[in-house]
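Nothing in this text is a laboratory measurement; each read-out follows from the coordinates by a stated rule. For clarity, every value in this text was computed on a predicted model and none was experimentally measured. Heads up, the Cβs are rebuilt from the backbone with ideal geometry, glycines too, and the neighbour counts pull from every protein chain shown.
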Amino acid sequence: MAPRICFIGGGSYQWTPKLILDIADTRSLHDAEIVIEDIDPEPIPAMVDFVHHVAKLRGIGLRATGTTEQRSALEGADYVVVCISTGALESMQHDIEVPDRYGLRQSVGDTVGPGGILRGLRNIPVLVAIARDMEIVCPDAWLLNLTNPMTTLTRAVQKATSITAIGLCHEVTITQYTLAMLLGCDMRAIDLSVAGVNHLPLITRLDIAGDDGLERLAALIDDEDALAAPLVIPGITGHEAVSDGGAFTVGSLLEANRVKLELFRRFGVLPAAGDRHLVEFFPGFLTEESGWGARWGVELTSMDTRRAWLAHYMREFDGLRSASELPRTPSGEMVAALIDSRLRDRPRHFPLNIANHGQVPDLPEGAIVESMVCVDASGARGRDVAPVPVVLADYLRRVSASQEKVVEAALTGERDVVFEAMLLDPLASRIDYDELGRMTDEMLAATARWLPQFA
Amino acid sequence: MSPRIAIIGGGSYHWSPRLLADFCNTASLTEAQVVLHDLDHTSAERMAELGREFAHRRAIPMRVEAVEDRAAALTASDFVITAFSVGGLESMRYDLEVPERFGIRQPIGDSVGPGGIARALRSVPVVLDMARAVERHAPSALFINVSNPLSALTRTVARETDVAVVGLCNELVGLQFQLSLLFDVPMHEIDFVVGGVNHFPVVTELRLGAAGGVDSDGFARLRSAIDTPPSGPLWMQPPPGMHWRKVTDGDTFTKIDLLANLAVKLELFCRFGVLPGANDHHIVEFLPGFVHGDTGHGTGWHVHHWGIDGHTADSIDDVRGYEAARDTDGVTSMPTGELVAALLDAIITGSGPPLPVNLPNTGQVTTLPPDVVVECIGTGDTSGVRARDTTAIPGIIGEYARRASVSQELTVEAALRGDRDLAIAAMLADPLAGRLPYERVIELTEALIDATSAWLPQFRR
């Protein structure tokens, strides 16, 4: 039977169009029923029209309805895709600007660090409210969370409700793509083990058709003759699609991944998220002295850049709406494939964020971890047991301890617990102890209208 | 019984006069046979002479001799005490000055942080060599380490040898003294449950007053003392060596001054509900937000920075202390606050008061990894020394203690293997050193290893 897939925050120009295209190109989902829910009524008609436009061009039975009512949207859903952002760029501005005044510049600001912590405080109650509604109207549906900070949001749903929640993030897929380019292999020939938290997943094992891919990578990065070899990088998922393509060489691609390769050189496992994410977990890369990451090739994502991205997504959506031919390239997102695996009981492995039941032995049981997960009709479960080198394990534990406090603070509205989360976070706690307290208060005050639980 | 006690590094101006005086004041040790061994035999002879003089003045049968051959010194010993510092102040200068060039100013620099790690790198092989010698020549002796970094060195012995080992540090005695001043309760009536690592021991329960007394919840009294600082004089003025800062007018230190000089630990207590027990200048090396360059490296928190000059002054004071002990009549009956004699007494007589000890974690501190050396309250009897309590260090403080122990374990490993990458790993995992820009952590590690290479044979390339 065709599933009912509800998009909460379905007005998202960034997420909904590409996920709809993936769904349309997945046979088992051709007749799916899409519900576009958003608190902002404005983009809903266009998204519903887009679904029907896609259905018509592809000649499939896909159909959609739109609503601003969360509860009724969730009614009878089999899958709930969540792509929200509480306060959007307006609230995020404070996540970036307040810490900036305290000498903390963040390259992304949506995962860990002061920005990630505040974003968690804003989004957690919203996610939990969605899951609570699901408990009433669709208790067996899966919540597929695409929203950041993914780890704390997914953890909060798991901690506070009975809903099955899975976090889906494309960073490992992008790294896999990068590796395929660097090592000249088919992406599908790659198998890997992953251990970590979202935006700091570590590839502990990389198998390329029976070869040790990490060994090959180690050889490549020391091979000066290989650097000039050209690469052609087509547009891929996420922000890279927005940035300049141009002609890449092996060398320039290595340059664009300096942080992860430095950590790989030192510790022997490969961090599998964009360097701009990694440096927020290893703030020694994100210091004034290094030009706030510039020395490592990391650019701070400014609010202007984010606005430009948003405009780009809107233009791209406008193009798709009126296109008479639609792209068939998979987006690299995992929503459609994951649903397909469960629906057809066709086991596939995905890098997903679920509760730790031993797949990341260095992190506490029950914490939300990113690891290779097998999905089929019986559910989603970790596939590997992947220990990581001790220093990296400890950096993971540090953020994991902070994340647990973020969840606690968001659910209880305790300001002291927010400070504790900051004090445990490697990036936030770089500053002076008293300053950290002041910065925490200032961030809470600046974003108070999105934080009712702290009122 | 006449116990045989060997002191390795027995020429120490700091330790030997204190230990010998405490022995004289401990009934079960007045017949002890004390053997002093030191690389500098003349210094051992100097201290043996002092010990014999003490015994003579007290008219006790304690025998003290300097023995140049280490094997002979160790053979048949019941207790082996190690008090040493590889390279002394000459090497320690680099532990402080090199990190300072990178913007890290350590108040002490002997336990964690770049200075503590560098000190461990040169001291671990030495303590291991001593423990191996004990394994050979006095296999049933109890090995008592009082040298810093205490956790890393005690861990080395426990990890690499079969020798029974305990680390002893007087910081919690200092806390007892401070609380005694605050509450006007005798020191021996202050009891606590502790979990942590050395120089970051965390009091998780506090009892004031005689056993079974009414103040079993000492934390409640501490909270009200912070809210309403008690007036009245201190029963004793702090010795100058404590480097207290005076915040009130007048000539004498008051309880207001006392509280001001405990600012960091009380802040942490108010916020997190448990009380870090070491002096603030140690605690801040574990919680680097208090020694940030932006705020004068902790001056606002009254954190005293020793610097190499301060350490040098301390060692001159030690020499003066020795000379005073030598040139005055009698032997002081004032306990030094060190715990060696008390522990020996408990083991020899079969009973004694609970003491802070550093032992491998066999479950007494549930929030720290197994086997790492933890500071806890222990008891001694004829079968040895063991932890008394089981405790968890809650929340943030527990997490910071855990971070320190992870770095310490890497430090021990790096020191044993002479592995620069592991030393860098230890620095990256250390909260204080790990705050530097990534490249600078590596440069700092290399610079420290290079500057102290004379004492680091295992790192020679």
Checklist outcome for this item: Lys and Arg at +1, Asp and Glu at -1: neighbours of B:GLY109 with Cβ under 11 Å from its Cβ sum to -2
Item to check | Given charges at Cβ of Lys, Arg, Asp, Glu: chain B dipole, positive-most of B:LEU410, B:GLY337, B:GLY11 | outcome: B:LEU410
Checklist outcome for this item: Final fewest-first order of A:CYS83, B:CYS270, A:CYS185, B:CYS169 on the 10 Å Cβ neighbour count is B:CYS270, A:CYS185, A:CYS83, B:CYS169
Next on the checklist: Counting only other chains, and only Cβ atoms inside 10 Å, what mean value do you get across the residues of B:389-398?
Outcome noted: 2
Checklist outcome for this item: Around B:ILE348 (Cβ within 13 Å, Cβ-to-Cβ, excluding B:ILE348; K/R +1, D/E -1) the net charge comes to -3
Checklist entry - When DSSP beta bridges are limited to those with both residues in chain B, what percentage is antiparallel, rounded to the nearest 5? => result 50 percent
Checklist entry - Within straight cross-link reach of A:LYS159, meaning Cα distance under 29 Å, which lysines are found once same-chain residues fewer than 8 apart are removed? => result A:LYS405
Item to check | Charge sum, other residues only, whose C-beta stays under 9 Å from A:PRO351's C-beta, Lys/Arg counted +1 and Asp/Glu -1 | outcome: -2
Checklist entry - If each residue's Cβ is checked for other Cβ atoms within 10 Å, how do A:ASP95, A:ASP362 rank with the fewest at the top? => result A:ASP362, A:ASP95
Checklist entry - Given charges of +1 on the Cβ of Lys and Arg and -1 on the Cβ of Asp and Glu, with all other atoms neutral, how large is the dipole of the protein assembly as shown about its Cα centre, in debye to the nearest 20? => result 1000 debye
Checklist entry - What fraction of the DSSP beta bridges in the protein assembly as shown is antiparallel, stated in percent and rounded to the nearest 5? => result 55 percent
Next on the checklist: Whole angstrom only: what separates the Cα centroid of the range B:438-459 from the Cα centroid of the range A:101-127?
Outcome noted: 36 Å
Next on the checklist: Quick check: the distance between the Cα centres of the range B:12-80 and the range A:287-341, to the nearest angstrom?
Outcome noted: 74 Å
Checklist entry - For the range B:289-300, in order, what is each residue's ³J(HN,Hα) by Karplus, 6.51 cos²θ - 1.76 cosθ + 1.60 with θ = phi - 60°, in whole Hz (x at glycine and Pro)? => result x, 8, 10, 7, x, 4, 10, x, 6, x, 4, x
Next on the checklist: Skipping prolines and chain starts, which residues have an amide H placed within reach, meaning under 5 Å, of the one on B:LEU39, given they are 5 or more residues away or on another chain?
Outcome noted: B:GLY9
Checklist entry - If you find the alpha carbon centre of the range B:253-301 and of the range A:263-280, how far apart are they in angstrom? => result 35 Å
Checklist entry - In which sequence would A:ILE8, A:ILE221 go, from the one with the fewest C-beta neighbours within 10 Å to the one with the most? => result A:ILE221, A:ILE8
Checklist entry - Quick one: Karplus J couplings for the range B:400-411, per residue in order, coefficients 6.51, -1.76, 1.60, θ = phi - 60°, nearest Hz, x for Gly and Pro? => result 5, 5, 5, 4, 4, 5, 5, 5, 4, 5, 5, 4
Next on the checklist: Can you compute 3J(HN,Hα) from phi for each residue in the range B:150-158, using the Karplus curve 6.51 cos²θ - 1.76 cosθ + 1.60 with θ = phi - 60°, rounded to whole Hz and x for Gly and Pro?
Outcome noted: 4, 4, 5, 6, 5, 4, 4, 5, 5
Checklist entry - Dipole size in debye (nearest 20) for the range A:329-446 around its Cα centre, Lys and Arg Cβ +1, Asp and Glu Cβ -1? => result 700 debye
Checklist entry - What does the charge dipole of the range A:4-169 about its Cα centre add up to, to the nearest 20 debye, if the Cβ of each Lys and Arg holds +1 and the Cβ of each Asp and Glu holds -1? => result 380 debye
Checklist entry - Got the relative contact order for the range A:4-169 handy, in percent, Cα pairs under 8 Å and 6 or more residues apart? => result 21 percent
Checklist outcome for this item: CD proxy, 222 nm, chain B: helix-only mean residue ellipticity via -39,500 (n - 2.57) per DSSP H run with n ≥ 4, per residue, nearest 500, stands at -14000 deg cm²/dmol
Checklist outcome for this item: Amide H neighbours of B:VAL34 at under 5 Å, excluding residues fewer than 5 places away on the same chain, with H built from the backbone geometry, are B:ILE5, B:ARG63, B:VAL64, B:GLU65
Checklist entry - Roughly what % antiparallel, to the nearest 5, for the DSSP beta bridges in chain A? => result 60 percent
Item to check | Under-5 Å amide H pairs with A:ASP384, H placed in peptide plane, nonlocal only | outcome: A:MET372
Checklist entry - What order, most packed first, do the peptides A:203-209, A:115-121, A:29-35 have when packing is the mean number of other Cβ atoms within 10 Å of each residue? => result A:115-121, A:29-35, A:203-209
